[in-house]
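What follows is a single structure, written as structure tokens, with notes after it.
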Amino acid sequence: METRELGLEGVFEIKPNRHGDSRGFFSETYNKLRLEEAGICLEFVQDNFSYSAAKGILRGLHYQLPPAAQDKLVRVSRGSILDVVVDIRRTSATFGRWVSLVVSAEAWNQIFVPKGFAHGFLTLEDDTEVVYKVTEFYSPQHDRAIRFDDPEIGIKWPIDSKDIILSEKDAAAPLLADAEKF
Ligand SMILES: Cc1cn([C@H]2C[C@H](O)[C@@H](COP(=O)(O)OP(=O)(O)O[C@H]3O[C@H](C)C(=O)[C@H](O)[C@H]3O)O2)c(=O)[nH]c1=O
């Protein structure tokens, strides 16, 4: 398993090994010990799966407030996404900064998103499946969103905002300045 930090403290790309043979391949997509060797010592308690039927669907930017804040280990089992992470820790030197990573079934890579960061992704292909582990259970009362196109954050999405498909919740999300932060 290879890891590399992505420019924001604690945000990593992770690439599990793939063991190919004439039938296809085998991969340990999660191994607690391997993550601990990379300094990620966490207990994941819930697995999530989201299917997005079309290219251009944007889910996010989401986070759960403490005490339900979640670390996330995100991968793509079909298709591809532009995954985006924003530092929303008000005392952080990189508050409001963002990083992005293309996560895809083809690249077989993952992104690790620590607590304190908002998370979202834009699908780059139809029929994209995102599979991810989280370290706290879903808690609707702690679930929060911030606008994907907040000019203060300035995320460079690869398609025009008018072509982006959003849930009603995400279309109505507040700007980071008006959102509850860490
Ligand atoms: C997150 C979640 C949702 N739900 C239910 C609640 C709704 O009835 C339905 C869709 O929820 P939502 O619109 O919040 O789903 P996404 O827009 O994919 O939200 C996710 O998108 C970004 C990328 C994230 O990082 C979060 O994991 C999560 O917020 O699933 C559950 O039952 N359990 C859950 O853990």
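The values are calculated or read from the model by the stated rules, or taken from the named source; none is laboratory data. Computed from a predicted structure; not experimentally measured. Reconstructed Cβ throughout: ideal geometry from the backbone, glycine too, with neighbour counts over all protein chains shown. Heavy atoms of the whole protein, side chains included, go into the accessibility calculation; ligands, DNA and RNA do not. Shrake-Rupley method; radii C 1.70, N 1.55, O 1.52, S 1.80 Å.
Brief remarks on what is shown
- Condition broken by Val74, with the remaining ones in (1) assigned to a strand (DSSP E or B); (2) at pLDDT below 95; (3) within 30 Å of Ile164 (Cα to Cα) satisfied: (2)
- The one condition in (1) within 25 Å of Glu43 (Cβ to Cβ); (2) away from the ligand (no atom under 14 Å from the Cβ); (3) open to solvent by 70 Å² or more (accessible area, probe 1.4 Å); (4) not charged (D, E, K, R) that Gln141 fails to fulfil: (2)
- From Ile40, Ile111, residue being more than 14 Å from the ligand (Cβ to nearest atom), of a type outside the set (Lys, Arg) and open to solvent by less than 20 Å² (accessible area, probe 1.4 Å): Ile40
- Selection status of Arg89, more than 14 Å from the ligand (Cβ to nearest atom), within 20 Å of Ile14 (Cβ to Cβ), among the charged types (D, E, K, R) and open to solvent by 40 Å² or more (accessible area, probe 1.4 Å): no
- Checking each residue in region 167-182 for being open to solvent by 50 Å² or more (accessible area, probe 1.4 Å), within 16 Å of the ligand (Cβ to nearest atom) and either in a helix (DSSP H, G or I) or over 16 Å from Asp143 (Cβ atoms) (or both) picks out Glu168, Lys169, Ala171.
- Checked against (1) assigned to a loop (DSSP other than H, G, I, E, B); (2) farther than 20 Å from Asp47 by Cα, Lys162 passes all but a single condition, namely (1).
- Taking first residues from region 162-182 that are over 12 Å from Gly56 (Cα atoms) and free of Cβ contacts under 8 Å to residues at least 60 places away in the same chain and partners that are open to solvent by 40 Å² or more (accessible area, probe 1.4 Å) and within 16 Å of the ligand (Cβ to nearest atom), the Cβ contacts under 8 Å between residues at least 6 apart in sequence or on separate chains come to Pro174/Arg147; Leu175/Arg147.
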